[in-house]
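In what follows, a single structure is set out as structure tokens and then discussed.
The values are calculated or read from the model by the stated rules, or taken from the named source; none is laboratory data. In this text the structure is predicted, and so the values were computed from the model without any measurement. FYI the Cβ positions are ideal-geometry reconstructions off the backbone, even for glycines, and counts take in every protein chain you see. Just so you know, the surface numbers come from the protein's heavy atoms only, side chains and all, with ligands and any DNA or RNA stripped out. Shrake-Rupley method; radii C 1.70, N 1.55, O 1.52, S 1.80 Å.
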Amino acid sequence: YSATKYAVRAITDGLRQEVGNGIRVTLVSPGVTESELADHISDEEARQQMKEYRRISISAAAVARTILFAMEQPEEVDVNEIIVRPTASSN
């Protein structure tokens, strides 16, 4: 999981450096986000752990508004990276 996240970050940074012609690249890294994932976990203990973990989650709409913020910036502004986490998150 961590390696995949780092790979996305590296690819995003490479794209930002290599593409031009007015193409902007933004990495959005959301924290705990609402999802139905726990509903599909067959192991009861793991399902309950996931539900507890997502207790402080932010909505998908909050992440969408963050993406919209980056997109709405003037052409000369490139928002490189946005990390969006629940205020209740400690890390």
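General observations
- Here the Karplus relation 6.51 cos²θ - 1.76 cosθ + 1.60, evaluated at θ = phi - 60°, turns the backbone of region 42-52 into coupling constants of 7, 6, 4, 5, 5, 4, 5, 4, 5, 4, 5 Hz, with x for every Gly and Pro.
- Computing semi-axes √(5λ) of the Cα gyration tensor in Å directly from the structure and comparing it against (i) 31, 16, 10; (ii) 44, 14, 11; (iii) 81, 9, 4 singles out (i).
- Note that the chain presents 77 Å² accessible area per residue, ligands and nucleic acids not counted, probe 1.4 Å.
- Per atom type, the chain shows carbon and sulfur on 52% of its accessible surface, probed at 1.4 Å.
- Under 5 Å between amide hydrogens, built in the peptide plane, is the criterion, and for Arg85 it picks out Gly31 among residues at least 5 positions away or on other chains.
- Listed values for region 8-16 are Karplus-derived 3J(HN,Hα) couplings in whole Hz (6.51 cos²θ - 1.76 cosθ + 1.60, θ = phi - 60°), namely 4, 4, 5, 5, 4, 5, x, 4, 4, and x replaces Gly and Pro.
- Listed residues Tyr53, Tyr6 arranged by accessible area, highest first, probe 1.4 Å: Tyr6, Tyr53
- Our coupling estimate for region 17-26, obtained by passing each phi through the Karplus curve with A = 6.51, B = -1.76, C = 1.60 and θ = phi - 60°, is 6, 9, 7, x, 6, x, 8, 9, 10, 10 Hz, Gly and Pro reported as x.
- Of the residues Arg85, Arg65, ranked by 1.4 Å probe accessible area with the largest first, the sequence reads Arg65, Arg85.
- Dipole magnitude for the chain: about 160 debye, using +1 per Lys or Arg Cβ and -1 per Asp or Glu Cβ, origin at the Cα centre.
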